[in-house]
Structures are given as C-alpha cells and as structure tokens.
Amino acid sequence: MDRTTPQEHPTTNAPAQAPDPEDEGPLYWKVAARLLGELRAGTAAPGERLPSERQLAVRFGVSRETVRQALEVLRRDGLVATDRRGSHVTLPGLPVEAPATLTFPVGARAADPGAGDRATVTWETPPPEHAAALGLAPLRPTLVHRYHSAAADGSALRTAVTSFSAVALAEVEELGRYRDRADGSGAAQLRRAYDWMRRAGLTLHHRDSITPLTDGPSVRVTRRVHDQFARPLEITDLIVDARQDALVYEFTLPAAV
C-alpha cells in the first residue's frame, strides 16, 4: 500500500532542488526523480502534455496522491507547469513539431498574388471515410474546411477537404468559435490551425499517404493528424493534378543534443 506521512508532503517554501533518484526520501520524491529522468531522456518534448495522474499512478505503481505530490515537486522547480488541461513539460529544447514543419491544409501554397486561392468552412456531415477516421457517429456534423487553389490560367489545380474531430473542436478554442459562422459564404483561412492546436497543449503527429487516382493523372494525398494521446484531430484529402503540379515535402530534424 502506498502511504505517506505528514512530513512527506512537499512545501512551497522549500528550496528548489531537482530530485535525485539516489536520495533516500519519501516515495513521492522517488517518483518525481523517475519522471524527471524520463523527461530528460526525451520521452516528452517541451510543451507536451503529460499523462493523467491516474495513468502515472498505474505506471509507477503508486497512488494518485503520491503522483500529485511528485508533480508538485517538479512544478516547484519549474520543470513542469499545470493548467486546466493538465500538466505539461517546460524543460528547455525544441518542440516536437516546429511551426514550419506543417502547413494547413496539406498542399496549401505560400502567398502568391497570381494564384486563385479560396478557403471556406461549413458545419456539415463530413464524408463517410472522414467520419470513420475521426470516430464520429454517422450523420454527425462537424467543422469542414475546403481549400481551392489554381494558377491564373487555371492550371495546377489543388483542392483539399478537411474534417475536424470533436476533440479538436472541444480543446482548440479558436476552431470551436467557427461553428456559429461556418456557413460556407465567406472566406475562412485556417492557416494557423496547427499553431492553435499546439497552443492548446496538443502535440501533433501526422501521417501522409499518397495514392494515384485511377480515373486520371491526379494523385490523392491523405493527411491524418492525431495528438499525444492518439486522439484524432483532423483528416484532409488533397487532390493534385500530377501533370501540371508537384508536391514538395520539407522535413526539419532537430539538432543533436
């Protein structure tokens, strides 16, 4: 059984000191040291959300109260921070996804005065394959973003359809605001969608697949984005005319530490 004595509780006026796993001390101190070791080993990147207190308690085989005390030690030393969504890492370093590594939607062009770009959002039932990928019930509406881009002469056509999950709309305030004005009538650029997700404490993981279409020279790019808890955030289908256009993928790798 996991027990602590009154003198084991951390106090906010104690001097800041990173926990040492070799120290003989209360159980919460040892849990804090193990968790800090994992963070320094890179299992969680700066800004990434930590598992819940319940999940950490199961991992370390202790009570939630002990986990709570361990997190308080790390908070006091400035190693983690807590807000209404939970605790996240504040150790220095590069984020998992630098803002330049992902563009919303996939295939979106840089600003080009000669291009005819248009983006709109609607509140509607997404395509069936999108609903399945996002875990939405059949016929349940969600925020759907449409992107259309073509050169001045109509060449290099790109069209993208993105559907957002209930998780994304619930946790990303900026996306949730679009529900009441998503009638498809006005332009709606969501180029900062991934930045908004990161600011909400979500770590982005994405997978892009490219398949040729059988009825022409175009290709389909499907991007699926999920967070650090494997919850789906969005899915995008992009169609590109492969005869006149090309996709360029750019990857940025963090420097060795």
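Within segment 224-244, how many residues turn out to be in a strand (DSSP E or B), open to solvent by 40 Å² or more (accessible area, probe 1.4 Å) and more than 15 Å from PRO126 (Cβ to Cβ)?
The qualifying residues number 2.
Condition check ((1) part of a strand (DSSP E or B); (2) closer than 15 Å to ARG224 by Cβ; (3) of a type in the set (Phe, Trp, Tyr)) across all residues:
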site	(1), (2), (3)
THR122	yes, no, no
PRO126	no, yes, no
ALA137	no, no, no
LEU143	yes, no, no
TYR147	yes, no, yes
THR159	yes, no, no
SER163	yes, yes, no
LEU169	no, no, no
TYR178	no, no, yes
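List the residue pairs whose Cβ atoms are under 7 Å apart, where the first residue sits in segment 192-220 and is on the phi > 0 side of the Ramachandran plot, the second is open to solvent by 30 Å² or more (accessible area, probe 1.4 Å) and modelled with pLDDT under 90, and the two are 6 or more positions apart or on different chains.
GLY201/ARG85; GLY201/HIS88
Say whether the condition of being open to solvent by less than 40 Å² (accessible area, probe 1.4 Å), over 18 Å from ALA108 (Cβ atoms), part of a loop (DSSP other than H, G, I, E, B) and at pLDDT 85 or above is met by at least one residue in segment 206-218.
Checking segment 206-218: not a single residue is open to solvent by less than 40 Å² (accessible area, probe 1.4 Å), over 18 Å from ALA108 (Cβ atoms), part of a loop (DSSP other than H, G, I, E, B) and at pLDDT 85 or above.
The values are calculated or read from the model by the stated rules, or taken from the named source; none is laboratory data. Note that this is a predicted model, so its numbers are computed, not measured. When we count neighbours, we look across all protein chains shown, and the Cβ atoms used for this are built from the backbone with ideal geometry, even at glycine. SASA here: full protein model, heavy atoms, side chains in, ligands and nucleic acids out. Shrake-Rupley method; radii C 1.70, N 1.55, O 1.52, S 1.80 Å.
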